[in-house]
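The values are calculated or read from the model by the stated rules, or taken from the named source; none is laboratory data. Keep in mind it's a predicted model, so treat the numbers as computed, not measured. FYI the Cβ positions are ideal-geometry reconstructions off the backbone, even for glycines, and counts take in every protein chain you see. Keep in mind that these areas ignore ligands, DNA and RNA; they rest on the heavy atoms of the full protein, side chains included. Shrake-Rupley method; radii C 1.70, N 1.55, O 1.52, S 1.80 Å.
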Amino acid sequence: IIDDSKEQAGKKFLEKCKEADCHLTKTEPYSPWMQLAEGCIKELKKGSSRKMIRTGSPKRLWDHCIELEALVRSHTAHNSFALEGEVPETRMTGQTADISNLCEYSWYDWVMFRDSEQSYPAEKLRLGRYLGPATDVGSAMTHKMLVDTGETWCRTTVRSLTDTELTNPAHIELRAAFDLKIHERLGPNATIADFDDDELTPAHEYYYDESDNM
């Protein structure tokens, strides 16, 4: 069951459905209630927009954020009779869902990770922002980090900032410089104006203090 998008209604997609002996049905235009997936997509947009506004992350990172939100929701129990008390991932695969790669960090958390490109006596730990699990790279515990160049690196050697680093003046300046570089490379942070009203809850729930990222 699809809408009338070009990607899904195109010739190649139709041929693939025919090869798989899959009957294709289109929904009526502007009728999202006809497509069960639309409700899930709406919740993904809500969750990802809240995370981006709360953390002050650049809006260009929306694709990473919505991917993380999808992973979290697929590993979360919902009030749905069809799930029979299980999480979606378990119902789909028949195996107990593993949340090891999801439970340690939140979206856009400050992290330190080992930079193997640097050698002795250079500092081997590098500052980054957590973007979620790297599902297509390395082992299950490989994570995606945003570095100050605006690139995404995948590493398993990740840890949270220590209490000493969080309060150290030099490290605070390092994080401030990091955010400045990211702003220059990726553009402005996400704001309430970037999202539809029905994707957000009242504005007071998104109060963001820049000191949270310092």
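For GLU123, the criteria (1) of a type outside the set (Ser, Thr, Tyr); (2) closer than 23 Å to ILE172 by Cβ; (3) at pLDDT below 95; (4) open to solvent by less than 30 Å² (accessible area, probe 1.4 Å) hold in every case but one, which is (4). Just one of the listed residues (ALA203, ALA190, ALA177) is among the aliphatic types (A, V, I, L, M), loosely packed, with under 13 Cβ neighbours inside 10 Å and modelled with pLDDT under 90, namely ALA203.
Scanning segment 54-106 for residues that are in a helix (DSSP H, G or I), touching a helix residue (DSSP H, G or I) at 6+ places or on another chain (Cβ under 8 Å), under 15 Å from ALA134 (Cα atoms) and hydrophobic (A, V, I, L, M, F, W, C) yields LEU61, CYS65, ILE66, LEU68, ALA70, VAL72.
Which of (1) without any contact (Cβ under 8 Å) to a residue 24 or more places away in the chain; (2) of a type in the set (S, T, N, Q); (3) more than 17 Å from LEU102 (Cβ to Cβ); (4) surrounded by 14 or more Cβ atoms within 10 Å (Cβ to Cβ) is the odd one out, the single condition THR152 does not satisfy? THR152 satisfies every listed condition except (1). Inside segment 20-40, can you point out the residues that are hydrophobic (A, V, I, L, M, F, W, C), within 25 Å of the chain's Cα centre (by Cα) and exposed (fewer than 14 other Cβ atoms within 10 Å of the Cβ)? Hits for segment 20-40 are LEU36, ALA37. Scanning segment 134-149 for residues that are open to solvent by 60 Å² or more (accessible area, probe 1.4 Å) and within 15 Å of the chain's Cα centre (by Cα) returns THR135, ASP136.
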